[in-house]
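What follows is calculated from the coordinates using simple rules that are stated; it is not laboratory data. Note that this is a predicted model, so its numbers are computed, not measured. Counting neighbours? That spans all protein chains shown, and the Cβs are built from the backbone with ideal geometry, glycine included.
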Protein chains: 2
Amino acid sequence: MKIKNDILSCKTCVYHQLLFGELNDFEYKLVNEARTEMLFKRGEVIKEEGETVNSFLYLRRGLVKLYKTDHHGKDHILSINKPGDFVNLLAIFSEKNYQYSIAALEDTLVCDVKLEVLKYVVSANGDFSLRVLKKMSQISEEIIESRFEQSQKQVKGRIAQILLFFAENIYHKEVFQLPLTRREVGELLSITTENTIRTLSEFRKDGLIDIEGKTIQLLDKERLENINITG
Amino acid sequence: MKIKNDILSCKTCVYHQLLFGELNDFEYKLVNEARTEMLFKRGEVIKEEGETVNSFLYLRRGLVKLYKTDHHGKDHILSINKPGDFVNLLAIFSEKNYQYSIAALEDTLVCDVKLEVLKYVVSANGDFSLRVLKKMSQISEEIIESRFEQSQKQVKGRIAQILLFFAENIYHKEVFQLPLTRREVGELLSITTENTIRTLSEFRKDGLIDIEGKTIQLLDKERLENINITG
DNA sequence: CGCGGCTTTGATGTTCATCAAGTAAAGTGG
DNA sequence: CCACTTTACTTGATGAACATCAAAGCCGCG
């Protein structure tokens, strides 16, 4: 991890308005002064399960995974966060320690705001607190939705979904570098590494995708959509 | 559904302090005047997926399920809520319609507070908004945790978990009336009805539980715990 | 250059869904 | 209140989906 010294104003940040639109100059100044920018390399752990939650994190560049290790030592990925996401928003007000770990999947730039300052601003600015509440609602809706989706689907549907997710929500391209190992894909979808590989190979044989190591190209999005929907 | 006319003061409610502890007299009066008490019989739908979210609900007596229907017409239960739970808290600030339905599993008493009033109080009272945020964090932690648990377990572990859940978290007894049909248990755990029944029968044969229709008695909690943990 | 992690494929076995069929229980309308 | 219909429950047989185990090639890194 490296702390960035040439901090730009958060006002120039494309994500500024997403959350901080309601702040007045004074409040904004407080937040900005309580802010640090941190760089992480692929693979670095940003927060470890059990650490005290003492800052609000949001992602400016890169990609991170939230994950948890079970008592067999096996990891389970809870979600993938992309730039603009408020990584730990759901956790910061609970006054508990991290229930999961966070690690960088790509080289990542994270903004870290001291929690006490954020809490002060929430309690002082009613519009801001409503904004935060709304954001939290939206994040949990996504979790509920993704859980609902997963519970209906079997392996092919889940793999199709994750491929479409990366192409459409993350990279906005039909060719992309898969930022996860095959094992991590399995950890995200609750399937084994072997089955992940087999299903990807099957998709390749069926002409749905092209694979070259980590590079994946979607060849038939329509059929993938169909597999995604029908399970 | 029946609207109750003999509304007692919310101050006497055992759950009052859980959320409304920070309110001053004026704010409390506002909330109390915006409040309705509603009775639902087992099976009645309280909210239907797609309805506008215009009130905050909390459960004073009974038990409800939150569920969603997939495009095959199959229901999936997202969670079970018990007295003291803020049924739709995660949803109310998103400004979207209900993403799920809510139905009573037992005869149920629900408090319904007009949303606009709650929002006003949140924006006016900083301590109260922090309280709400904390509660939301806790609820989503539970969802994340339960999702993590489920993803590791197979059928026996899930059934053991749900039996322990009802005994320990809901009824605080080792003998209880299962408030769900076998099918609903399956809908909650993402397994088929047949498999639910088979696993329960197996537990009975193994002397873990006793079954008599809907009445279930846990005979060997230690072994059930073990099955729950080891999956 | 060799060690460990990632990837891949094949063989095998377990878990679980599906299908079928029957009994019991619970609503429903005359 | 009883015949009728529907829904819930149960068991067995079968097969599909998926995990597990095994083995080998690949690649990056110390």
All aspartates and glutamates inside 12 Å of A:Lys134 as judged from Cα atoms, apart from same-chain residues fewer than 8 positions distant: B:Glu95
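Provide B:Val14, A:Val31 in ascending order of the number of other Cβ atoms located within 10 Å of each residue's Cβ, fewest first.
B:Val14, A:Val31
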Once you average over the residues of B:67-73, how many Cβ atoms of partner chains fall within 10 Å of each Cβ? 3
The aspartates and glutamates whose Cα lies under 13 Å from the Cα of A:Lys47, excluding any fewer than 8 residues away in the same chain, are A:Asp112
With -39,500 (n - 2.57) per DSSP H segment of 4 or more residues and division by the full residue count of the protein assembly as shown, the 222 nm estimate, nearest 500 deg cm²/dmol, is -12000 deg cm²/dmol
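What does the charge count around A:Lys41 come to, taking other residues whose C-beta lies under 13 Å from its C-beta (Lys +1, Arg +1, Asp -1, Glu -1)?
Result for the local shell: 0.
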What is the stretch B:108-231's relative contact order, in percent, from Cα pairs under 8 angstrom and six or more apart in sequence? 27
Pairwise FRET efficiency - A:Lys11 versus A:Glu95, Cβ, R0 = 30 Å, nearest 0.05: 0.50
To make sure I understand, if each residue's beta carbon is the centre and we count other beta carbons within 10 Å, what order do A:Val64, A:Val155 fall in, fewest to most? A:Val155, A:Val64
Express the relative contact order of the stretch A:2-143 as a whole percentage, based on alpha carbon pairs under 8 Å and six or more residues apart in sequence. 32
Neighbours of A:Glu149 by Cβ distance under 11 Å: Lys/Arg at +1, Asp/Glu at -1, summed charge +1
